[in-house]
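One structure is given below, encoded as C-alpha cells.
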Amino acid sequence: MRYFKGLNGDVFAFEVDGSQDELITPDMVEMTPEEVDAHKNPPPVPPTPAEELAASDAGMVRMIEDLTQTLINKGVIIEADLPVVAQEKLNKRKALRAKL
C-alpha cells in the first residue's frame, strides 16, 4: 500500500499496482515510511481517570462482596440486615460462582 496525507491530516491508502492512482489528488502528500509506521502503530494512549475507575469496578465489587461475606461469617452483621436488593445480588453472585 501507498499512504498519503490530505490537507486536513486524513490518511489515504492506495494499492501499489497503480490501479487507484486516479484517486490521488494534488493536495495529497505521500507519507514517509516513518510516518506510515507511526500511523499504523500509534503510541498507547494512557487511560483517563474515568477509564481507570471503570476498570477497577469489577475488583471493587469482588472486594466488597468478600468483605460482606467476612462480616456475615464473623457475625458482625446478618444477611437479613442487608437491603433485599443487596441480598438478591449477593445470592445471585454466589450461585454464579458455584457454577464455575
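The values are calculated or read from the model by the stated rules, or taken from the named source; none is laboratory data. Please read these numbers as outputs of a predicted model, since none were measured by experiment. Please note: Cβ atoms are built from the backbone with ideal geometry, for glycine as well, and neighbour counts cover all protein chains shown.
Remarks
- Residues satisfying the stated conditions in the stretch 55-81, i.e. closer than 17 Å to residue 91 by Cβ and either touching a residue at least 40 places away in the same chain (Cβ under 8 Å) or among the charged types (D, E, K, R) (or both): 62, 65, 66, 79, 81
- Qualifying residue in the stretch 17-29 (condition: in contact with a Leu (Cβ under 7 Å, 6 or more places away or on another chain), without any contact (Cβ under 8 Å) to a residue 60 or more places away in the chain and not assigned by TED's automatic domain parsing to the domain that holds residue 93): yes
- When residues of the stretch 6-26 are limited to those that are of a type outside the set (Gly, Ala, Ser) and part of a strand (DSSP E or B), the one nearest to residue 39 (Cα to Cα): 11
- Here residue 59 does not qualify as under 16 Å from residue 1 (Cβ atoms) and modelled with pLDDT under 95.
- Single condition residue 42 does not satisfy, out of (1) without any contact (Cβ under 8 Å) to a residue 24 or more places away in the chain; (2) surrounded by 11 or more Cβ atoms within 10 Å (Cβ to Cβ): (2)
- Test result for residue 8, surrounded by fewer than 10 Cβ atoms within 10 Å (Cβ to Cβ), out of contact with any Ser or Thr (no Cβ under 8 Å at 6 or more places or on another chain) and either modelled with pLDDT of 95 or more or among the basic types (Lys, Arg) (or both): no
- Hits in the stretch 42-84 (condition: of a type outside the set (A, V, I, L, M), in a helix (DSSP H, G or I) and more than 21 Å from residue 97 (Cα to Cα)): 49, 51, 52, 81
- Restricting attention to the stretch 27-41 and to residues that are in contact with a strand residue (DSSP E or B) (Cβ under 8 Å, 6 or more places away or on another chain) and assigned to a loop (DSSP other than H, G, I, E, B), the residue that is nearest to residue 86 (Cα to Cα) turns out to be 31.
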